[in-house]
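**Student:** I'd like to ask you about the structure that follows.
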Amino acid sequence: MDAATLAKPLLMLFVVLDPIGILPYYQTIIYRVPEEERPKILERALIAALAMLLSFAVLGDYMFRLLGVTIGDFQVAAGLLLLIYAIANIFELELGSATSSSSVAIFPLATPLLAGPGAITALIYIKYQYGLPVAIIVSVANIAIAYPIMASSSIILRLLGKHGSLFVDKFMNLILAGFAVSIVREGITLLLSSTH
């Protein structure tokens with residue numbers, strides 16, 4: 001296994017995970033958490049995302065087939081959960097324990113923002129195209145790359161200040177809601193296309 005073999009699947013998963021693209025969402029979510037807790041939350045989120053990716057790489061397609069769940073079903077469910085989260089944040093509503101550090105690390109950071117339907121779909125494809133060892137390597141590598149990218153987002157928050165952060169919080173939750181709807185739309189489109 002050489003670098004050329006790994007380059008394409010590594011880049012493919014990086015584009016789908018998109019740690020740079022989710023920075024605004026990450027900043028919006030992390031803004032509500034005390035600053036001293038943020039590094040631990042990021043570590044938990046990345047570990048949970050990696051665990052989820054590896055689980056799906058090894059067992060995901062088998063579990064989907066066993067339960068009769070399609071990628072489209074998964075997209076709709078993940079999108080709806082993310083939409084509820086975004087709406088709750090816009091109106092400053094508490095959803096049970098979802099505001100706790102551990103919960104935020106798992107949902108929505110680890111999933112669906114990092115290890116979302118797109119990443120899981122890409123990883124299952126990589127597994128069948130390049131083999132399980134490559135799927136595992138590119139998963140670990142992408143999470144390692146995501147760490148410094150996401151850890152640097154606190155610098156942007158400091159530059160924005162309190163009012164700027166509040167503006168970003170509300171604005172990005174609106175965008176997050178739109179992102180959630182797009183996941184649902186893609187899932188529904190996939191479900192409809194599979195019925196024909």
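**Student:** Consider Ile175 against the criteria (1) at pLDDT 85 or above; (2) under 14 Å from Tyr26 (Cβ atoms): it satisfies all of them except one. Which criterion is unmet?
**Tutor:** Evaluating Ile175 over (1) at pLDDT 85 or above; (2) under 14 Å from Tyr26 (Cβ atoms) leaves (1) as the failure.
**Student:** How many residues are of a type in the set (A, V, I, L, M), at pLDDT below 85 and part of a helix (DSSP H, G or I) when one looks only at the range 1-14?
**Tutor:** 2
**Student:** Oh, and also: Take the residues in the range 15-45 that are farther than 16 Å from Ala105 by Cα, without any contact (Cβ under 8 Å) to a residue 12 or more places away in the chain and outside any helix (DSSP H, G or I); name whichever of them is farthest from the chain's Cα centre (by Cα).
**Tutor:** Checked the range 15-45; the qualifying residue farthest from the chain's Cα centre (by Cα) is Gly21.
**Student:** Residues of the range 19-58 being at pLDDT below 90 and either closer than 21 Å to Ile136 by Cα or touching a Lys or Arg at 6+ places or on another chain (Cβ under 6 Å) (or both), which ones?
**Tutor:** Once the filter is applied, which keeps residues that are at pLDDT below 90 and either closer than 21 Å to Ile136 by Cα or touching a Lys or Arg at 6+ places or on another chain (Cβ under 6 Å) (or both), the range 19-58 yields Pro19, Ile30.
**Student:** What's the total number of residues in the range 101-143 that are at pLDDT 95 or above and more than 20 Å from Ala4 (Cβ to Cβ)?
**Tutor:** Total meeting the criteria: 1.
**Student:** For Leu82, which of the numbered conditions (1) at pLDDT 90 or above; (2) closer than 15 Å to Ala115 by Cα fails to hold?
**Tutor:** (1)
**Student:** Please specify each residue of the range 51-69 satisfying the condition of being of a type outside the set (Asp, Glu) and touching a residue at least 60 places away in the same chain (Cβ under 8 Å).
**Tutor:** Within the range 51-69, Met52, Leu53, Leu54, Phe56, Ala57, Val58, Gly60 meet the criteria.
The values are calculated or read from the model by the stated rules, or taken from the named source; none is laboratory data. No experiment lies behind these values; they were computed from the predicted model shown. FYI the Cβ positions are ideal-geometry reconstructions off the backbone, even for glycines, and counts take in every protein chain you see.
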